[in-house]
Amino acid sequence: MILDDDRRRAAAAVRRLGNAVAGRVLEPELLARIAEVLEPLSAEAETARVRDKSTDMSGNERWEHFRLTGRMPEPPGDGEVIHFDPGSLVGGVYNPFGMGASHHREGDEAVTRLTLTAPFEGPPARVHGGVVAAIVDEAMAALMPTLQTVAFTGELRIRLVAGAPMGVPVEFRARLLDRQGRRLIVGCTGSGDDGVFVLAEATFIEFDPARFAGLTGGGA
């Protein structure tokens, strides 16, 4: 996957600043300087062309392969990185609000690892429950390249059995439980050093390649 280094660098810089503003006690003078620098930059950035995700996806060889064949290209090998949406909220390197997750394959599982920082805090020292749900959803979706398919979430069921810890590495493991035609039943477990904090199961629906082509701007 070829990435735009300038876009990735800008997103990382905004993300780093956001973490500092959310997680540190900054002096009023510094906060004022931050606003003075960012306000005109934001105004300039907002004059640029609006990004169209369908257009971005239409030039991706992996998506084009699925549109034409109904299957994704060769799955990642055991231990290899799973290349997912670079603009996603959870692991997208282009997303300035991203969580910094990484995905890789271990056997039949997709493994997602990350450390949650101040912007994602709910109760003191614990991750917001909605954030945990978003990570679970993407961790399950990251399994799809290993299955050589593209699918969307039809139903997501989660059980928060403990608080997800802040500031330490956590891990989510997703695996295929059953396949019922176009319906894929996927399970996921999230854990940290103190054990499991979330259990989840979801139903994913495989995309019809023709419908997918319409979403990504490809021809039918």
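Electrostatic tally near Asp208: other residues with Cβ closer than 14 Å to its Cβ, Lys and Arg +1, Asp and Glu -1, net +4. For the chain, relative contact order (Cα pairs under 8 Å, six or more residues apart, normalised by length) works out to 19 percent. Taking K and R as +1 and D and E as -1, what net charge do the other residues with C-beta under 15 Å from the C-beta of Gly163 add up to? Overall, the nearby charge balance is -1. Derived scalar couplings between HN and Hα for segment 15-23 equal 4, 5, 5, x, 4, 5, 5, 6, x Hz in order, rounded to whole Hz, by the Karplus curve 6.51 cos²θ - 1.76 cosθ + 1.60 (θ = phi - 60°), x for Gly and Pro. How would the chain be classified by its alpha-carbon gyration tensor: rounded, prolate or oblate, with rounded meaning a/c under 1.5 and the a/b versus b/c comparison settling the rest? Since a/c reaches 1.5 but b/c is at least a/b, the shape of the chain is classed as oblate. The ranking of Glu39, Glu109 by Cβ neighbour count inside 10 Å, starting from the fewest, reads Glu39, Glu109. Note that segment 147-155 has calculated 3J(HN,Hα) couplings of 8, 6, 9, 10, 8, 10, 6, x, 8 Hz, one per residue in order, obtained from phi through the Karplus relation 6.51 cos²θ - 1.76 cosθ + 1.60 (θ = phi - 60°); glycine and proline are x. Here segment 20-88 and segment 128-162 have alpha carbon centers that stand 19 Å from each other.
Relative to the current alpha-carbon distance between Asp78 and Leu199, full extension at 0.36 nm per residue lengthens the span by 41.2 nm. Note on Arg71 and Val21: the model spin-label points, each 7 Å out from Cα along the C-beta direction, lie 4.8 nm apart.
Read-outs: derived from the displayed coordinates by stated rules, not from any lab. Note that the structure is a prediction, hence the values are computed from the model and not measured. Cβ sites come from the backbone with ideal geometry, for glycine too, and all protein chains shown count toward neighbours.
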